[in-house]
Amino acid sequence: RVFAVYLDMQCSPVEVRACENKTRGRGLFSQKSIPEDKIVVRDFPIATCPDLRNASYDDILTCDFCHRFVGSIQLQLNLAARVTDGLTIRDMLSEGVKESKAIDVTSKLGNLYTHPVLPELPSNSPKLTKVFVTGRLPGCVFCSAECLSKLSTLQGEFLSCLEGEEEGPQTTPMAKLVSDIRDIDDEDIQRHASLACCAALWEASDEKLMKERANEINKFQSCLYWTFGPADEKGERKNVCGVVFKGLSLVLAEKKKRMENSIKNSAGSSLTIERISKLLGTVSLNALQIKIPNPVVMYCLRLQEAAEEQKNPKLKQGFIDAMERIGSLAMVAKKEAEEAEMEEDEEDVIDEIVVFHWPKKTIFKSTLFRHYEGIGLYPRISIMNHSCKPNSLITFPDSANAFAFTTRNVSKDEELCISYIGPPEGVPVVERQEILKEQYDFKCWCDQCNREVMAAAMIY
């Protein structure tokens, strides 16, 4: 369904206006009737970072700016099978590259890029990109020269530390900052801190860019981080503000010294603990979870579809043979099949997990190929309000660029809403309201909540 929506890139007309209920502030409204599965918003993030709960990204390779999967289906298949790992690939591709411009190093991948040989698919199937590196940011990879140009040196260094393995004493301010973020026990606060650092370092890399980004971030709803959330967390939130402020201050001071004042004093002097608290507050209220599907899963879905269209089940055999040649991947797939209770349907979609039932009793789940997961700040999507019965859904078809599409027919002048807490179906109204109060500091009184509260009152 997501792939079908992605093929239709035309956005339906919408507008921002004040909601009738003033407590909801602004909202996004349709300007005409919109059918189901139509894109209503396409948005680009101001800042993103990987989700540290995934610990390591050594079994996938993605662009460090837009997080698009790079290379080829074969490369991602080899990474999933642990024939090699992402950190080794990054080091190998960066080796010997001194130029600050984008260098195409795809040919360095050799057989990892071209083997195993896989069945050809129609031209509208998901395509991966070439791989680019730069001597300016060793260890970083990009899908294009454009993405490389958009990533600041400071942000690239932060992401390299964040995605790398932590070994030995942290001798640089950047490594120490990342280590301190990793030491934060609360996962939500840890994610807030890492995304706030990405946003701050992006600003601080250039005075003009700093002002542009600051203006964009100021448009988001915000609060002081240490005044937000449950009372028992406020002390920890205040401590985190201090940790981030101290860490960023040391990073900027070291960078200024290293680059001989190439970073203007205004960048360093404007960094205050109150500003960090506000930035963390902005992140906590507006951050959006990013989940980009692994292209191997998309390839399998398209291969399955092509086999059905051509009435040729043997088309899948080429992929099965490839899995068997890789060996370790086939063993993992077999183990998953033995442990899971499989249905007899062709595929079973539960919690975004697809189960493939293919010839020769080959059974494997989409979880065999890990998605990219992270968080980001999105200026347009942040305007969309919450509803416990949403009419829209956010998806990331192939990169951190986000798309909101309708999940049912929407009437003219109807507000377009999403769920802030994942699928709300089956979650009791009291529990939903508690989650929203804790995570977003508001109590929901959408139509769905009102109906459930009224129904409960009638019972008693």
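The values are calculated or read from the model by the stated rules, or taken from the named source; none is laboratory data. Everything quoted here is computed from the prediction, not taken from an experiment. Here the Cβ positions follow ideal geometry from the backbone for every residue, glycine too, while neighbour counts run over all protein chains shown. With ligands, DNA and RNA removed, areas are computed over all heavy atoms of the protein, side chains included. Shrake-Rupley method; radii C 1.70, N 1.55, O 1.52, S 1.80 Å.
The order of VAL243, VAL430, VAL178 by accessible area, most exposed first and with a 1.4 Å probe, is VAL430, VAL243, VAL178. For the range 92-150, carbon and sulfur atoms together expose 55% of the accessible surface, with a 1.4 angstrom probe and every protein chain in place.
Got a sec? Which residues in the range 207-248 would a label at VAL16 touch, if it sits 7 Å along Cα→Cβ and we count backbone N under 12 Å? Inside the label zone: 216-221.
You can think of it this way: the chain between ALA145 and GLU216 has 23.1 nm of extra reach, that is 0.36 nm per residue less the Cα-Cα gap. A crude spin-label estimate for the pair LEU250 and ASP447, with each label 7 Å from Cα along the Cβ direction, gives 5.4 nm.
Residue ranges 18-24, 377-383 sort as 377-383, 18-24 when ordered by packing (mean number of other C-beta atoms within 10 Å per residue, highest first).
With Cβ to Cβ distances under 10 Å as the rule, what net charge do the other residues near THR134 carry (K, R +1; D, E -1)? Neighbourhood net charge equals +2. Derived scalar couplings between HN and Hα for the range 11-27 equal 8, 7, x, 9, 8, 9, 8, 6, 7, 4, 7, 4, 5, 8, x, 8, x Hz in order, rounded to whole Hz, by the Karplus curve 6.51 cos²θ - 1.76 cosθ + 1.60 (θ = phi - 60°), x for Gly and Pro. Note on exposure: GLU431, GLU309 ranked by accessible area (1.4 Å probe, complete protein assembly) read GLU309, GLU431, with the most exposed listed first. Using only Cα atoms, locate the centre of the range 368-425 and the centre of the range 292-307, then give the distance between them in Å, rounded to an integer. Centre-to-centre distance over Cα atoms comes out at 22 Å. I need the shape label for the range 374-431. Rule: rounded when a/c is under 1.5, else prolate if a/b > b/c, else oblate, with a, b, c from the alpha carbon gyration tensor. Oblate is the answer for the range 374-431, as a/c is 1.5 or above yet b/c matches or exceeds a/b. With K and R counted +1 and D and E -1, the other residues having a Cβ less than 10 Å from that of PRO116 yield a net charge of -1. When the surface is traced with a 1.4 Å probe over the full set of protein chains, LEU87 keeps roughly 40 Å² accessible.
Using a probe of 1.4 angstrom and keeping all protein chains present, the accessible surface of the range 374-421 works out to 31 square angstrom per residue.
In this structure PHE29 has an accessible area near 20 Å², from a 1.4 Å probe over the protein heavy atoms. Using the Karplus relation 6.51 cos²θ - 1.76 cosθ + 1.60 with θ = phi - 60°, the per-residue 3J(HN,Hα) values for the range 140-157 come to 8, 10, 9, 8, 6, 5, 4, 4, 4, 5, 8, 9, 6, 4, 5, 5, x, 5 Hz, with x marking Gly and Pro.
Rolling a 1.4 Å probe over the heavy atoms of the protein chains gives the range 281-322 an accessible area of 36 Å² per residue. The gain in end-to-end length when the SER107 to VAL430 segment is fully stretched comes to 110.7 nm, 0.36 nm per residue minus the alpha carbon separation. How many angstrom lie between the Cα centre of the range 50-104 and the Cα centre of the range 16-48? Centre-to-centre distance over Cα atoms comes out at 35 Å. When each of the peptides 363-371, 94-102, 384-392 is scored by how many other beta carbons lie within 10 Å of its residues on average, the order from highest to lowest is 384-392, 363-371, 94-102.
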